[in-house]
1. Give the residue, chosen from Pro242, Pro257, that is modelled with pLDDT of 90 or more, open to solvent by less than 50 Å² (accessible area, probe 1.4 Å) and closer than 18 Å to Met19 by Cα.
2. On the basis of being within 23 Å of Arg45 (Cα to Cα) and either among the hydroxyl-bearing types (Ser, Thr, Tyr) or in contact (Cβ under 8 Å) with a residue 12 or more places away in the chain (or both), does Phe151 make the cut?
3. State whether one or more residues within segment 155-172 are surrounded by fewer than 24 Cβ atoms within 10 Å (Cβ to Cβ), modelled with pLDDT of 95 or more and of a type outside the set (Ser, Thr, Tyr).
4. Regarding segment 94-101, can at least one residue be identified that is without any contact (Cβ under 8 Å) to a residue 40 or more places away in the chain, more than 29 Å from Ala192 (Cβ to Cβ) and either among the aromatic types (Phe, Trp, Tyr) or buried (at least 18 other Cβ atoms within 10 Å of the Cβ) (or both)?
Amino acid sequence: MTASPQKHLPAWSLAVTGMVSVQIGSALSVGLIDTYSAGGVAWMRLVAGTVIFWLISRPPIRSIRRKDILPLIGLGLATGSMSTLFILALPYINLGTAVAIEYLGPLSVAALRSRSLKPVGWLFLAFAGVLAMTQPWSSAFNLKGVMMAAFAGVCWGTYILLTQKVGDHFTGLSALSITVPIASLVAGAVGAPTIISQFDLKMVAIAFGIALLHPVIPFALEMMALRRMNPTAFGTLTSLEPAVSILIGILILGQIPNWLQALGVAVVVIAGAGSQQNAARDPEALTEQNVTELLEDEAAILPKKKTRRHFNKKPSFKWRKQKDD
């Protein structure tokens with residue numbers, strides 16, 4: 001009997017692969033903007049993501065309580081706005097710069113919620129790194145792109161707060177199957193007209209390909225990684241995302257940073273890693289219901305192991321009695 005492939009892979013490699021998948025999806029989206037518009041790319045990715053998530057998991061409509069309605073709607077609005085604003089920024093600023101600016105959102109949440117001044121210091125350090133990357137004193141500075149990425153960061157911070165609130169009752173796929181359709185409505189307000197006017201089968205294939213790169217594959221890999229990593233270690237590892245985006249920008253988009261921008265992204269990564277040291281939630285907050293839903297989500301995404309069924313063998317009365325006891 002051979003062990004499953006994910007058992008042989010270190011947990012950190014799963015998380016890093018998820019980050020690479022997200023950034024490749026973003027980089028490939030840049031090449032589609034001229035044809036389908038930035039809003040159109042965001043919309044078709046979210047619509048395809050909705051279809052995929054619904055094929056994997058049916059939305060738990062009956063589990064929604066009255067007090068869950070506003071947080072779920074808010075989470076969907078934040079998700080759609082974050083995705084749309086981020087892609088809208090990409091025609092104006094480099095991928096790595098956009099990710100670094102957006103990353104200020106989660107760092108701000110960590111600073112505001114902390115009782116210590118350390119996260120505030122890490123936030124200011126990250127802000128200094130972003131200044132080095134955007135270089136507002138330079139003629140190449142693009143205020144429009146920076147502002148869109150900054151508002152995407154605000155949406156990311158809001159997303160984190162609402163995810164923690166919604167996650168106390170919905171986790172993983174159950175939340176995504178509700179919020180991603182709402183997010184697609186937000187992006188549709190900007191991108192639907194362009195996509196509808198250019199609809200063809202090629203566009204459908206592109207939409208599903210981009211949706212697999214982000215968010216479907218990253219979600220599955222993060223699920224596997226979180227099963228084998230503590231939240232602090234995982235959060236520290238995700239601080240590498242700006243560096244990963246710089247690398248993908250170089251390899252796919254040819255966006256080569258200068259020495260000051262390279263220094264800036266290093267500073268942002270260090271600040272992100274430092275802010276995560278006290279960022280883990282209380283372990284007791286992971287309730288039995290959360291654990292059960294997490295396992296169900298992983299079972300829905302990951303391929304099931306094939307088992308042999310022996311129909312000719314019936315359980316003995318003794319076994320049944322032990323089970324009943």
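1. Details: Pro257 fails: closer than 18 Å to Met19 by Cα.
Within the list Pro242, Pro257, the selection yields Pro242.
2. Details: within 23 Å of Arg45 (Cα to Cα): yes; either among the hydroxyl-bearing types (Ser, Thr, Tyr) or in contact (Cβ under 8 Å) with a residue 12 or more places away in the chain (or both): yes.
Against the criterion (within 23 Å of Arg45 (Cα to Cα) and either among the hydroxyl-bearing types (Ser, Thr, Tyr) or in contact (Cβ under 8 Å) with a residue 12 or more places away in the chain (or both)), Phe151 qualifies.
3. yes
4. Checked against the condition, which is being without any contact (Cβ under 8 Å) to a residue 40 or more places away in the chain, more than 29 Å from Ala192 (Cβ to Cβ) and either among the aromatic types (Phe, Trp, Tyr) or buried (at least 18 other Cβ atoms within 10 Å of the Cβ) (or both), segment 94-101 yields no hits at all.
The values are calculated or read from the model by the stated rules, or taken from the named source; none is laboratory data. Keep in mind the model is a prediction, meaning the values are calculated, not measured. We place every Cβ from the backbone using ideal geometry, glycine too, and count neighbours over all the protein chains shown. SASA here: full protein model, heavy atoms, side chains in, ligands and nucleic acids out. Shrake-Rupley method; radii C 1.70, N 1.55, O 1.52, S 1.80 Å.
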